[in-house]
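This report concerns only the one structure given below.
The values are calculated or read from the model by the stated rules, or taken from the named source; none is laboratory data. In this text, all values refer to a predicted model and were calculated from it rather than measured experimentally. Here the Cβ is made from the backbone with ideal geometry for all residues, glycine too, and neighbour counts use every protein chain on show.
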Amino acid sequence: MTRPSALALVVAALLGALSAALASGGWAVSATVFGGLDVSYPLTWALLFGATMGIALAAWRRAQDSPWSAVAGIGLSAAALALVASGGRPLGSAALPFGWGPASAVGAGLLTAQLTRYGLRDLRLDALRRSDLETVALRALRALGFTFFGVVVTFPFYFMVASSLKSRAEILARPSYLGVDLSQPLGQLLIGYREVLTTFHFGRFILNSTFVALVTVAITLVLSVLGAYAVTRLRFRGRELLSRSILLIYMFPAIVLVIPLYAVFTQLGLRDTLPGLLIVYPATTLPVALYMLRSYFQTLPRDLEEAGLIDGCTRLAVIWRITLPLSLPALASVGLYVFMIAWNEFLFAFMFLDSPAIFTLSRGMVSLNSQEVPRQFLMAGAVIVTVPIMVLFFWFERYLIGGLTAGGVKG
């Protein structure tokens, strides 16, 4: 057995304290937010027992990483000591349910032990080098970064979902409690979604948004493919200027464009119509789609296209049979990006649409932003707007990763 150095014990103690602070902090916040309990953050006990756990793990280290049995034993022992030392009140509450008392203390202890073990893995504790200290620091920063960004990303979405599943009385009685009573009948839990889809006509808004987004994607892809191919393959006067000024429209904020467009569309009779949006949306998404496809087309081999032209194919046939099959990853990325913009766009829809029959989802959300409408309906509408995009993104991600290696020149 190798004996850890004094520096290694200090590093292990700091890692253990940091891990325990993260684990116990998550425990305390979860008990307050999800359990509705009046608890405190046991930072003193967490730092003390976390440091002790880190030293114990460093002392148990051999040439290989500590086995899981040792890690589990140390974590359980630290959790038991925390419960005993705090008089059975690790979160400052005299009467905690079993799930938030001993059971959560065991979970926090095991998580702390595993995090500390991860921070110490593959290190020579008998003779720490500068590179080892840098590795430990990077692992600690990574843990803090994952925790911070994980909370920032997931908490708003959970708050939205939890609020949509609660009644108005529950929200007013305990506004800080984000737990959901799953013992209620399913119809009672989903009453917010039912009211939003029927009473507030969100079913119709979903159809309108889907239609607008799909047509926008189709128009944008057709025009951007032809435009990107032209600036990368054809020679004509002004090609370089056009290629460099593709993103020029993004120098102008949307709020600057919406006022003159509002006046022009009113005169042409296109305001308060979906065709009006189908003119604006492709115009705003086309520059970035052109830019993305132009960059991708520049990486494609010209030999295949020239071979197709020699074989008698026209330019359109070359694009259809050669360029587009090789560009499927880029087309999927651009299509998803354009769909997300058209689905979530609010400013033009808010300014141009007045008739509820043709509202898109983002425009229809305004009808829920009222003091007379319960917050659960607003949150249910927000979930309906957000979830389709999330599902679409994760579903397309598999094909994007697999499609990056598809195609190419065969010898």
For Arg398, state whether it is in a helix (DSSP H, G or I), charged (D, E, K, R) and at pLDDT 80 or above. no
Can you say whether Ser370 is of a type in the set (Ser, Thr, Tyr) and either under 20 Å from Ser209 (Cβ atoms) or without any contact (Cβ under 8 Å) to a residue 12 or more places away in the chain (or both), as far as the supplied structure shows? yes
Return the total of residues in segment 104-127 being buried (at least 19 other Cβ atoms within 10 Å of the Cβ) and either closer than 12 Å to Ala8 by Cα or of a type in the set (Lys, Arg) (or both). 5
Give the residues of segment 296-337 that are of a type in the set (Gly, Ala, Ser), surrounded by 13 or more Cβ atoms within 10 Å (Cβ to Cβ) and not in a helix (DSSP H, G or I), sorted by residue number. Ser327
Pairs under 7 Å by beta carbon, first residue assigned to a helix (DSSP H, G or I) in segment 44-56, partner surrounded by fewer than 22 Cβ atoms within 10 Å (Cβ to Cβ) and polar (S, T, N, Q), six or more apart or different chains? Trp45/Ser86
Return a yes/no flag: does segment 299-310 have any residue that is in contact (Cβ under 8 Å) with a residue 24 or more places away in the chain, of a type outside the set (Phe, Trp, Tyr) and touching a Phe, Trp or Tyr at 6+ places or on another chain (Cβ under 7 Å). no
When you go through Ser209, Ser295, Ser243 one by one, which is the residue that is touching a residue at least 24 places away in the same chain (Cβ under 8 Å), among the small types (Gly, Ala, Ser), in the same structural domain as Ser362 (by TED's automatic domain parsing) and under 25 Å from Pro325 (Cβ atoms)? Ser243
Being modelled with pLDDT under 80 and either surrounded by 15 or more Cβ atoms within 10 Å (Cβ to Cβ) or assigned by TED's automatic domain parsing to the domain that holds Gly150 (or both): is that true of Phe49 here? no
Looking only at residues that are of a type outside the set (Lys, Arg) and surrounded by fewer than 20 Cβ atoms within 10 Å (Cβ to Cβ) in segment 1-12, which one is nearest to Pro175 (Cα to Cα)? Val10
Any idea which residue in segment 344-361 is surrounded by the most Cβ atoms within 10 Å (Cβ to Cβ), counting only those that are over 19 Å from Pro253 (Cα atoms) and of a type outside the set (Val, Ile, Thr)? Leu361
Considering every residue within segment 378-386, establish whether at least one is within 29 Å of Leu165 (Cα to Cα), modelled with pLDDT under 85, crowded, with 17+ Cβ neighbours inside 10 Å and of a type in the set (A, V, I, L, M). no
In segment 350-381, anything under 25 Å from the mean Cα position of the chain (by Cα) and small (Gly, Ala, Ser) is listed as Ser362, Gly364, Ala380, Gly381
If you go through segment 127-148 one residue at a time, do you hit one that is at pLDDT 80 or above and within 20 Å of Thr32 (Cα to Cα)? yes
Can you find a residue that is at pLDDT 80 or above and not in a helix (DSSP H, G or I) anywhere in segment 154-166? yes
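Out of Gly381, Gly364, report the one residue that is assigned to a helix (DSSP H, G or I), touching a residue at least 24 places away in the same chain (Cβ under 8 Å) and closer than 14 Å to Val212 by Cβ.
Gly364
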Given (1) under 26 Å from the mean Cα position of the chain (by Cα); (2) not in a helix (DSSP H, G or I), number of the condition Ala127 does not satisfy: (1)
